[in-house]
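To keep things clear, I will list the structure first and then write my remarks on it.
The values are calculated or read from the model by the stated rules, or taken from the named source; none is laboratory data. Just so it is clear, the model here is predicted, and its values are computed rather than measured. Quick reminder, even Gly has a Cβ in these numbers, built from the backbone with ideal geometry, and neighbours come from all protein chains shown. The accessibility values were calculated without ligands, DNA or RNA, using every heavy atom of the protein model including side chains. Shrake-Rupley method; radii C 1.70, N 1.55, O 1.52, S 1.80 Å.
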Amino acid sequence: MARAKETRQFQTEVQQVLKLIINSLYSNRDIFMRELISNASDAIDKLSFKAQTDTDLIGDDNEFKIRITRDGIKRTLEIADNGIGMTYDEVNDNIGTIAKSGTAAFLEAMQALNQKEAPLTPELIGQFGVGFYSAFIVAEKVTLITRAAGEETATQWESSGDGAYTIEETTKADRGTTIRLELRKPDKDEPDYTDEWTIRNIIKKHSDFVAYPIVMEVEKQEPIPESEQVLDSEGKPIGETTRTVVRDETLNSMKAIWARDKKEVSEDEYKEFYTHISHDWNPPLKHLHVKLEGTTEYTALLYLPSKAPFDLFQPEFKHGVQLYCRRVFIMDDCKELLPEYFSFVKGVVDAPDLNLNISREILQQDRLVLNIRKNLVKKLFDLLNGLEKEDYDKFYDEFGAILKIGIYTDPANQTKLADLARFKTTTSDGAWASLKAYVERMPADQKEIYYLTGDSPTTLLNSPHLEQLKAKSFEVLLMTDPVDEWVVQSLTEYDGKPLKSAEKGDLDIDADETKDQEEQFKDLFGFIRKTLQDQVKEVKPSTRLLDSVACLSGDAHDMSGYMAKIMQSAGKDLPPNKRVLELNTKHPVLDKIKQIYATDQSDARLEDYSRLLYDLAVIGEGGKIENPSQFGKLIGDLMNSALN
C-alpha cells in the first residue's frame, strides 16, 4: 500500500536554520540556485559511480542533464536532474531532520559569530551543507518530487518553511529529483529569478564548470525554411522570413578546467571551480595545476583551502579529491590519492589510463595510483615550502594539527613533515617557530631540543618545569595539540639533536649539586614518599625548579601528564599513573619542614605539609587536586599562623 500523506514537524535545529534563512537580509540571494544545481550534479555523480557495478540503474535514460524550467506568470522555478534520486526514508532523514545536514554546527557557528540578526553569508551556507534550505530565501513554498534509481515509487515532500512539512508517496515517470519553487514576488531592487538573462548570468558565474549540461527552454528567432515560405511572382518571400521557436539550450560550458592549459585559466575561474567542488565560499589559499606526461600520465588541479571545515577532525570527514578517467567521474572522497594528513586538500585528478570500473580495493594496490600519490605528495610539499611566511602561518593556524599526523604515520616523509611543523615556544612571543629556526638559535652548551606538552600555551609558558631551562636561556617548544604526544614518540631527534621532555627524566642540570642535596634530604623525602605512597612513586630533589617549591615529573619512558589526560577524556581505563614528586631543596619552605622533621618526626604537621606539597605540584601544571576542601583548610591555617 502507498503511504498516505503525513504532516511532520522539522527537528528543532532545522526550524532554527529555516527561520534564520527566511528572515535574514541575505547577502547573496543568487546562491540558492548554485546550491540546488550543485546538489543535482552530485546526484548524477552518485548514479554514475553506482552504475559502474549495476548498469541496469541507468537503462535507456543515459543522457545526464540538469533541467531548469521557469514560469514568469505562475512565478515558479524548477530544477530537475536524472541522477540517483531518493527513497521515502532518505527524503525524511536528509531533509526533515538533522541527520546529515550539519545544522547543529551551523547554528553554533552563527552563535560564535554573534550573527543571529546579521546577514547570512555564502560561506556559512556552503560550509555547513545546509544548501537545500537556501531555497527558502526566495521561495514561499518548496516542493520536492524524487524517485530513486531502481525504485518504482516516488516521494513528494513539501514545505512553506513554517516549521512543518508534508511527505507522501507519489508517482514519477522517471528517476531523479525535481525541486519546484513557488517564488516570492521580488522587491524593487531584487532580481527576477524567472528571467532568462538573470538565470543565464547566475549559471555563468557560479555553475559554468558543472560537468553535466544545464539546459533550459529559450525562445529563439530562426529562418523559415524556403519550402514553407509563400513566394510572390518574382520568387520573393511574402510576409515574415523568421519565426519564434522554443528550443533547449545548454547554459554552461562544461569545460573541464583541469584539462585546459593553465595559462588560459584566469584566477577568477580557478576560484569559481574551487567553490563548485568544495562548497566552500572562502577563497582558496593556493592552487596546484599540474599535467604529467610520460610513463605515468595524469592531470591534477588541487587546492589548499584558506579555512578548515568544521568537521575536519570528525570520523565522517571525507577526503576532498575527486578521481576522473578521461573526464568521466569515477569517485569522490578518494583516500587512495593522498595520505590522511593531506585529507583537507580539495581538487580533481584525471588519470586517462585508469580502468573505469576500478574498485577501492584495486586502487590501494594499483601501481599507477601509487605513482600518482607519490608525485602529488611531492608537489604539495613543494607548494607548502614555497609559501610566503604570512601565508604559511595562516595555513598552519588552520591545518597544522592534521599535517603533523604524517610525522608518525608516514616515516618515508617524516623529515619533510618535521621541516613543515611549527610550534609556539618560550621565546617566540606567540609566533610560530620551525624546528630549523629553533636549532639555529640553540646556545653552544645546549645539546637537546626541549619540549613540554599540555593543553594551554599560557599554562605551559608558566610551568614550574621550565624554571631552570629558562634560567639557562634554553628555548622550549610548547606543544598544545593532542597529536603532539604521538609526534614526540615518533620524532625522537631533529638535525642530530635529540628531543627531550622538560617533564620526564632528569634534565642533567647541576647534577652534582642535586646529588649532594639528595643525601641531605634523604630521610625527609623517605617520610614524604611513605605519606604519599598512593599518589607518587618517588620523591627526589628537582633538576627543574628554581622558584617553585614542587612539581610532578615522570621517568623518561613514562606517560606524560597530558597524555594521561587525553586518554582519560577518551574514556580509556588506565592503570594508576604514579609520578615523581620533585622538590626544590633550595626553597626556604623545604628547609623549615626539614627542621620540623629533625626536631620531631611525629609532628602532625609533617603529613599535612607533605599533602600540601603534592597539591601545589598538581596545581602548578594545571591539574585538579583530589581534596580541594582539605587544601583550602591547610592554606587557611597557614595564613592564620603567618598573620599571628
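A compact table of results
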read-out: Most to least accessible of ILE619, ILE277, ILE31, ILE145 (protein chains only, probe 1.4 Å); value: ILE619, ILE145, ILE277, ILE31
read-out: Spatially proximal aspartates and glutamates relative to LYS236 (Cα-Cα < 16 Å; intrachain offsets below 8 disregarded); value: GLU226, GLU228
read-out: Gap separating the Cα centres of the stretch 409-471 and the stretch 133-211, nearest whole Å; value: 54
read-out: Accessible carbon and sulfur surface of the chain relative to its total accessible area, %, 1.4 Å; value: 47
read-out: Accessible-area ranking of ARG67, ARG422, largest first, probe 1.4 Å; value: ARG67, ARG422
read-out: Accessible area of the stretch 497-644 divided out per residue, in Å², using a probe of 1.4 angstrom; value: 57
read-out: Normalised alpha carbon radius of gyration of the stretch 293-376 [divisor 2.2 N^0.38 Å]; value: 1.07
read-out: Contour minus Cα-Cα distance for ASP516 and ASP393 (0.36 nm per residue); value: 39.6 nm
read-out: Filter on LYS291/LYS379; LYS378/LYS500; LYS50/LYS379 - keep pairs with C-alpha separation over 20 Å; value: LYS378/LYS500; LYS50/LYS379
read-out: Counting all C-alpha pairs of the stretch 154-288, share separated by more than 26 Å (%); value: 56
read-out: Heavy-atom SASA rank of PHE313, PHE132 (probe 1.4 Å, accessible area, largest first); value: PHE313, PHE132
read-out: Relative contact order of the chain, defined on C-alpha pairs under 8 angstrom at six or more residues apart (%); value: 9
read-out: Label assignment, Rg/Rh (Cα atoms, Kirkwood Rh) derived from the structure, set (i) 0.96; (ii) 1.12; (iii) 1.03; value: (ii)
read-out: Cα pair count fraction exceeding 22 Å, expressed as % - the stretch 515-644; value: 38
read-out: Under 18 Å from LYS537, Cα to Cα: lysines that are on another chain or at least 8 residues apart; value: LYS504, LYS522, LYS578
read-out: Area of LEU552 that stays accessible when all protein chains are in place (1.4 Å probe, Å², to 10); value: 10
read-out: Dmax and Rg, reported as Rg then Dmax, of the stretch 575-640 (C-alpha, Å); value: 12.9, 39
read-out: 18 Å reach of a label modelled at THR599, 7 Å along Cα-to-Cβ, counting backbone N of the stretch 619-640; value: 638-640
read-out: From the C-alpha gyration tensor of the stretch 517-558, square roots of 5λ in Å; value: 16, 15, 10
read-out: Mean Cβ neighbour count within 10 Å, used as a protection proxy, ranking 442-452, 182-192 highest first; value: 442-452, 182-192
read-out: The stretch 356-472 - percent relative contact order, Cα under 8 Å, separation 6 or more; value: 12
read-out: Cross-link partners of LYS205 among lysines (Cα-Cα below 21 Å; sequence separation of 8 or more within a chain); value: LYS65, LYS255, LYS262, LYS263, LYS271, LYS286, LYS346
read-out: DSSP-defined antiparallel bridges as percent of all bridges, the chain, nearest 5; value: 75
read-out: For SER48, solvent-accessible area (1.4 Å; no DNA, RNA or ligand), Å²; value: 20
read-out: Among 262-269, 499-506, the order from most to least packed when residues are scored by Cβ within 10 Å on average; value: 499-506, 262-269
read-out: Descending principal axes extents, the stretch 150-231, alpha-carbon based, whole Å; value: 62, 42, 30
